[in-house]
Amino acid sequence: MHWPGLDSNFVILRFDQQTVNDLIYVEGLVGNIYLEGIDDLERYRRIFSRLQSMALDPKGSVAMAMRIAATYEELASSLEIYKDNDHPGSRDDSRSEMEMACFPGG
C-alpha cells in the first residue's frame, strides 16, 4: 500500500482574504518549497483527502497506540530491561513520561 505524502511533509495554507491565494508548504528531502499553482493546490488537496480517508478515527488511534505500547511492555518484560537496578531507567524518578506510559509496571 502506498501512503501519499510519506516522503515529505506538507501544510495547506488557506486564507480567507480573496486577495491572497492559498499555498502549499512542502518540507522534503531536498528542501522546502511553497507551491501556489492551481494544479499543485488540487494535487495536495487530493493527497490530504486520501490521507484522511486512510486514517484511523480517534478511538482507533488510541487503540493502536495501546497495542503498540503493550508490545513494548511485553518485550521489556521478556528482556527484563527495566528490572535491572543498575539501569538508569529503573528508578521511578528518572523515568520519562513515555517510559511510564509504555511500561507502567516497570
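Read-outs throughout are calculated quantities, based only on the coordinates presented, and are distinct from any laboratory measurement. Remember, predicted model here, so these are calculated numbers, not experimental data.
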Which number comes out as Rg/Rh for the stretch 9-54 once both Rg and the Kirkwood Rh are worked out on C-alpha atoms?
0.99
Amide H neighbours of LEU13 at under 5 Å, excluding residues fewer than 5 places away on the same chain, with H built from the backbone geometry, are LEU23, ILE24, TYR25
